[in-house]
1. Could you grab me the full set of residues in segment 162-173 that are closer than 17 Å to Asn109 by Cα and in contact with a helix residue (DSSP H, G or I) (Cβ under 7 Å, 6 or more places away or on another chain)?
2. Any residue at all in segment 20-40 that's outside the structural domain of Ala204 (by TED's automatic domain parsing), surrounded by 14 or more Cβ atoms within 10 Å (Cβ to Cβ) and part of a loop (DSSP other than H, G, I, E, B)?
3. Would it be correct to say that Gln20 is touching a Leu at 6+ places or on another chain (Cβ under 9 Å), over 21 Å from Gly108 (Cα atoms) and among the polar types (S, T, N, Q)?
4. Only one residue in Asp100, Asp149, Asp139 is outside the structural domain of Ser29 (by TED's automatic domain parsing), surrounded by fewer than 19 Cβ atoms within 10 Å (Cβ to Cβ), assigned to a helix (DSSP H, G or I) and among the acidic types (Asp, Glu), so which one is that?
5. Return the pair list, or none, for Cβ contacts closer than 6 Å from residues in segment 204-223 that are without any contact (Cβ under 8 Å) to a residue 40 or more places away in the chain and part of a helix (DSSP H, G or I) to residues that are surrounded by 23 or more Cβ atoms within 10 Å (Cβ to Cβ) and of a type outside the set (Gly, Ala, Ser), at least 6 apart or on different chains.
6. Determine if segment 45-60 includes at least one residue that is free of Cβ contacts under 8 Å to residues at least 24 places away in the same chain, basic (Lys, Arg) and in the same structural domain as Arg7 (by TED's automatic domain parsing).
7. Would you pick out the residues in segment 105-121 that are within 13 Å of the chain's Cα centre (by Cα) and surrounded by 18 or more Cβ atoms within 10 Å (Cβ to Cβ)?
8. Which of the numbered conditions does Arg48 fail, given that it passes all the others? Conditions: (1) at pLDDT below 95; (2) out of contact with any Leu (no Cβ under 7 Å at 6 or more places or on another chain); (3) crowded, with 21+ Cβ neighbours inside 10 Å.
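The values are calculated or read from the model by the stated rules, or taken from the named source; none is laboratory data. These numbers come from a predicted model, not from an experiment. Glycine gets a Cβ as well: all are built from the backbone with ideal geometry, and neighbour counts include every protein chain shown.
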Amino acid sequence: MDFFGPRPDSALVELAQTAQADAKESEDSSYAQLRRTQSEELFAEINRLCGLEEDGQVPDTCVIDDTDPAGPAGSREDAVAQLVELAEKAPEDSRPLLIDQAIALADGNAALPETPDEDMLGEARGLLEFEYSTVYGLDVAEAHGADVDTVAHEELIVQLQEFIGEDAPVADPAYTATWPDDSTAQEFADELVQSSRDSFEAAAVTAQDSQWRSWLIHAAAKL
């Protein structure tokens, strides 16, 4: 019966063991703690996919032998690259976790694809429009006393405009947004920034091109 039981996903096992090795070997305490947490999340995800027996234990076929763990990634950049690469091989419903972990590690700097396809360009246009409205909303929030920083958003706007080229949409003179009831200007601004970050993260989860996914991850990390 064990032979026919569920097996741990190989991509998730590799990621979990690499994060575990980083946590053990890194001399940077904050990075080590982050990677330890990520390792625990990944092992938990492996167990979730495997399921539990009636006694609450992981099936024997899903028990991972950690006596020969993977080596460390070596750097944050390498860890992000591994997450981007293996996100394609991991189960689809595990991808949001991997993208979230990559964003936590990313430094915000990545190159855009040189030869985008129409799907990328269409998505880029939507993200650009969203950033236009975000910056407009942040300016309104600032006028009402919020402490805002639009630099990262403006940098992303320029990158997206150059990526799309001459067909890039231009910003509208004004945008509308619903100010949540009982929210302060600062809360409104924080929600706008989070929505912007979420839009890039969601695009990274569904991206089909690894370089485009990498840029989207780094874009979310900027915000």
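1. Initial filter on segment 162-173 (closer than 17 Å to Asn109 by Cα): 162-163.
Residue satisfying the conditions is Phe163 alone.
2. Residues of segment 20-40 outside the structural domain of Ala204 (by TED's automatic domain parsing): 20-40.
Filter once more, keeping what is surrounded by 14 or more Cβ atoms within 10 Å (Cβ to Cβ): 20-23, 26, 31-32, 34-40.
Filter once more, keeping what is part of a loop (DSSP other than H, G, I, E, B): 26.
The answer is yes; a qualifying residue exists.
3. Values: touching a Leu at 6+ places or on another chain (Cβ under 9 Å): yes; over 21 Å from Gly108 (Cα atoms): yes; among the polar types (S, T, N, Q): yes.
When the stated conditions are applied, Gln20 passes them.
4. Values: Asp100 fails: outside the structural domain of Ser29 (by TED's automatic domain parsing); Asp149 fails: assigned to a helix (DSSP H, G or I).
One residue alone meets the criteria, Asp139.
5. Close Cβ pairs (under 6 Å, with a partner that is surrounded by 23 or more Cβ atoms within 10 Å (Cβ to Cβ) and of a type outside the set (Gly, Ala, Ser)) amount to Leu216/Phe200.
6. Going through segment 45-60, the residues free of Cβ contacts under 8 Å to residues at least 24 places away in the same chain turn out to be 47-48, 52-58.
Going one step further and asking which of them are basic (Lys, Arg), we end up with 48.
Right, trim to in the same structural domain as Arg7 (by TED's automatic domain parsing) and you get 48.
Yes: one or more hits.
7. First, pick out the residues of segment 105-121 that are within 13 Å of the chain's Cα centre (by Cα): 105-108.
Residues satisfying the conditions are Leu105, Ala106.
8. (3)
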